[in-house]
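Notes to accompany the following structure.
The values are calculated or read from the model by the stated rules, or taken from the named source; none is laboratory data. These numbers were taken from a predicted model, which means no experiment stands behind them. When we count neighbours, we look across all protein chains shown, and the Cβ atoms used for this are built from the backbone with ideal geometry, even at glycine. These area figures cover heavy atoms from the full protein model, side chains too; ligands, DNA and RNA do not enter into them. Shrake-Rupley method; radii C 1.70, N 1.55, O 1.52, S 1.80 Å.
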Amino acid sequence: MAEPKPPTPTPGDTYKGWLFKWTNYIKGYQRRWFVLSNGLLSYYRTQAEMGHTCRGTINLATANIAVEDSCNFVISNGGAQTYHLKASSEVERQRWITALELAKAKAVRMQAESDDSGDDCPAVPPTSGQGGGCRNTEIQSTLRTLSSKVEDLTTCNDLIVKHGSALQRSLSELEGIRVGGDMGEKIRQVTERATLFRITSNAMINACRDFLSLAQNHSKRWQKALQTERDQRIRLEETLEQLAKQHNHLERAFRGATVLPPSFSNPALANKGGVSGKGDASDEDDDNEFFDAMEDPAEFITVPADPKYHRRSGSNVSGISSETGMDDQSVNFDELSLASNPESPQPLELEPVRQRRTRIPDKPNYYLNLWSIMKNCIGKELSKIPMPVNFNEPLSMLQRLSEDLEYYELLDKAAKCQSSLEQMCYVAAFTISSYSTTVHRTGKPFNPLLGETFELDRLRDCGYRSLCEQVSHHPPAAAHHAISEKGWTLRQEITLASKFRGKYLSIMPLGSIQCLFDKSNNHYSWKKVTTTVHNIIVGKLWIDQSGEIDVVNHRTGDRCHLKFAPYSYFSRDVPRKVTGVVTDKDGKAHYVLSGTWDEKMEFSRVMQSSKGENGTEGKQRTVYQTLKAKEIWRKNPLPEGAENMYYFSSLALTLNEPEEGVAPTDSRRRPDQRLMEEGHWDEANAEKQRLEEKQRLSRREREREAVKVASSPEEGTHLDNYQALWFEKIDDPVSGETLHVYKGGYWEAKDQGTWDMCPDIF
């Protein structure tokens, strides 16, 4: 009886049938029952042995399949196992070869995926927490199945091409043969090859049918899932936009109703033990992103000094106070110093002081999504990001730098001090006071153009004059010089490095600030701390200052170590706290400073110090016995309506006021900044782009000129050889730092009205 014809092999199906296997030279080929399943080829003596006895198995993933002649083929896995097999006909052999090649391709793919895959989602009904992972696994499994079917199609396609070519050759030979005895043999060959082609074509059709069926089954499910994701994204975007608009509306409504006192202007300011206010401050607690710094233990503790110290002479405090018993009176050391000094400035002026403006146009209420611009800028340098003026304030960075002189009186008082240690207290207070103007100022100042200047001439009003110049563009660097009739000089060069981190923006000032006093020849230097702007994405923007500053007197070796504590939601300390200790060259403490950088600072004279109890992490804290604290600095109140004028201080309101006789490069003459102040923001944006493009063209021109004059490639390495107009770079012999210092000539040029040397930057 004839054997039943085995089915056409289908990719992925189990394939079974009889084959002849070579055993040895005595028995030769023996008939065996072969089963191909899951990438494994097994054989048995009879079909009845399939349930209990397997005679051998070979893994096709590592096997090599070779065809010897019309009916024979060999399967080997590299020497350990080799099957010499023979089919009953060439057609039967080809069925097995097709099934074996498909099974091998699938086994190789499954092995590769098994090596690369990670942990799969457990095969249990997904909970709410693991639904997304299981959905991902299901999609990956479906993709692997479809990919497997595509590979099957590729294998079948290769076989069709192979057998189609053989069939074509046979047909060509048949056409050229003469009628005779060879005709029957050639027809038989063509018939067999046509049968092989039909077999592989049927396998291809079956693989296509499986692939189409899978694609149709999953297509509707994927389309539905995709539409669901799109709907969720749209709803989320609409919700975020609505929240932002509601937040903006509530903020405007609250501003129109009342003005928050300084201590409640930001939710980060309220003490936990205090009474929580209603409305804006409490409603924003859920929206605001807080910078939760670890609460550092206090480095020292202050306690009231023993009463015996109050009876001692206080002659070493500037040589002014005769008894420290005046400690109980609200009189500051500096007030006594100034009152007793015949050179103290008198409030009367021989000439009337110029009346300066007290208002600027209110800030327009233009809504713009900050996140839509900043999301593409994470990790980048802020000075290289083109930003619209909507995020600016109508002042340049040079003018913001000049705002450090808001509390110049502290340096006036420091210049009158007889004691360098007491002078250090005022210099430290001046250092802290420069941050008080930033508490509400979330707007970004304009990046100065290269060669831009700003003068602040307050000689008649306050006894000082100041000049700033942008001396470098990449990296952006500004040089500042201020000199006072009261005997002090302030100079600084600041380079800002800023990074956007997604939730917050960090601004790291690089460079040094120096203060010199003519009378004592004391030379002080210090650096600035890091400024962080929080809630860039959602919530109300707020600013924090954190880090440490060492104010050093290079002449005497005195030092003041200031610590700006970062805001922490879990801290029990007052927010924005600053502490400091003034020590002499031997490390002995003489004064302690404490307060906040946005409100006031106090200083106390140290009578005795000792090592106290261990704090956290085993650190031993110093205990200072001090006299009663005296207020050394207090922030000036903001002008009326400041919340509608970018929270500018009284000084800041006057910085961009037009003045006659200033240099053509002065920030007051910058057109985009002027248009923004007047409320024409669209025109300001267009003008800002024009100025930035003009600056880029000027830089390219300087580079071309540098290439022309360079005598060798080495000399042309630094192509942008811009030279500052009013400042020159020197190595300071006292502090050992390199910085730009004022070289003179500006005020003389202003008196003569000759500005021919100034570049055309606007």
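In region 565-588, the qualifying residues are those that are in contact (Cβ under 8 Å) with a residue 40 or more places away in the chain and not in a loop (DSSP other than H, G, I, E, B), and the one that is nearest to the chain's Cα centre (by Cα) is Val578. Of all residues in region 655-670, exactly one satisfies the criterion of being farther than 16 Å from Leu398 by Cβ and either open to solvent by less than 40 Å² (accessible area, probe 1.4 Å) or assigned to a helix (DSSP H, G or I) (or both), namely Gly661. Residue pairs whose Cβ atoms lie under 6 Å apart, sitting 6 or more positions apart in sequence or on different chains, and linking a residue in region 676-701 that is over 21 Å from Gly451 (Cα atoms) to a partner that is open to solvent by 30 Å² or more (accessible area, probe 1.4 Å) and in a helix (DSSP H, G or I), are Glu683/Leu675. Taking residues in region 469-480 that are closer than 19 Å to Trp747 by Cβ and part of a loop (DSSP other than H, G, I, E, B), and partners anywhere that are modelled with pLDDT of 95 or more and open to solvent by 10 Å² or more (accessible area, probe 1.4 Å), not one pair has Cβ atoms closer than 8 Å while being at least 6 places apart or on different chains. Scanning region 606-628 for residues that are at pLDDT 65 or above, of a type in the set (Ser, Thr, Tyr) and open to solvent by 50 Å² or more (accessible area, probe 1.4 Å) yields Ser609, Ser610. When region 553-564 is filtered for residues that are open to solvent by less than 30 Å² (accessible area, probe 1.4 Å) and either free of Cβ contacts under 8 Å to residues at least 60 places away in the same chain or under 29 Å from the mean Cα position of the chain (by Cα) (or both), the ones remaining, listed by number, are Leu562, Phe564.
Considering only residues in region 79-109 that are of a type in the set (Val, Ile, Thr) and either touching a Pro at 6+ places or on another chain (Cβ under 6 Å) or closer than 17 Å to Glu192 by Cα (or both), the one that is surrounded by the fewest Cβ atoms within 10 Å (Cβ to Cβ) turns out to be Val91. Scanning region 486-503 for residues that are at pLDDT below 90 and buried (at least 18 other Cβ atoms within 10 Å of the Cβ) yields Leu496, Ser498, Phe500.
Name the residue that is nearest to the chain's Cα centre (by Cα), counting only residues in region 730-762 that are of a type in the set (Val, Ile, Thr) and over 20 Å from Glu452 (Cα atoms). Selected residue: Thr738.
Within region 391-408, the set of residues being over 25 Å from Ala497 (Cα atoms) and in contact with a Cys (Cβ under 8 Å, 6 or more places away or on another chain) comprises just one member, Tyr408. Restricting Ile75, Ile139 to residues that are at pLDDT 60 or above and closer than 30 Å to Ser201 by Cα narrows the list to Ile75. Within region 155-168, the set of residues being free of Cβ contacts under 8 Å to residues at least 12 places away in the same chain and of a type in the set (Ser, Thr, Tyr) comprises Ser165 only.
With respect to Thr23, is the statement that it is loosely packed, with under 15 Cβ neighbours inside 10 Å, in a strand (DSSP E or B) and free of Cβ contacts under 8 Å to residues at least 12 places away in the same chain true? Yes: the conditions hold for Thr23. Taking the conditions exactly as written (surrounded by 17 or more Cβ atoms within 10 Å (Cβ to Cβ) and modelled with pLDDT of 95 or more), does Ala652 satisfy them or not? Spelling it out, Ala652 is indeed surrounded by 17 or more Cβ atoms within 10 Å (Cβ to Cβ) and modelled with pLDDT of 95 or more. Just one residue in the set Lys708, Lys729, Lys688 is at pLDDT 90 or above and open to solvent by 50 Å² or more (accessible area, probe 1.4 Å); that residue is Lys729. Residues in region 47-78 that are without any contact (Cβ under 8 Å) to a residue 24 or more places away in the chain, within 29 Å of Glu192 (Cα to Cα) and open to solvent by less than 80 Å² (accessible area, probe 1.4 Å): Ala66, Asp69, Ser70, Cys71, Asn72, Val74, Ser76.
In a residue-by-residue description of region 482-489, the property of being within 28 Å of the chain's Cα centre (by Cα), part of a strand (DSSP E or B) and within 22 Å of Ser436 (Cα to Cα) applies to no position. Residues in region 367-408 that are hydrophobic (A, V, I, L, M, F, W, C), in a helix (DSSP H, G or I), in contact with a Ser or Thr (Cβ under 8 Å, 6 or more places away or on another chain) and modelled with pLDDT of 65 or more: Leu398, Leu405. For region 524-564, a residue qualifies if it is of a type outside the set (Val, Ile, Thr), in contact with a helix residue (DSSP H, G or I) (Cβ under 7 Å, 6 or more places away or on another chain) and more than 24 Å from Lys585 (Cβ to Cβ), and the qualifying residues are Gly539, Lys540.
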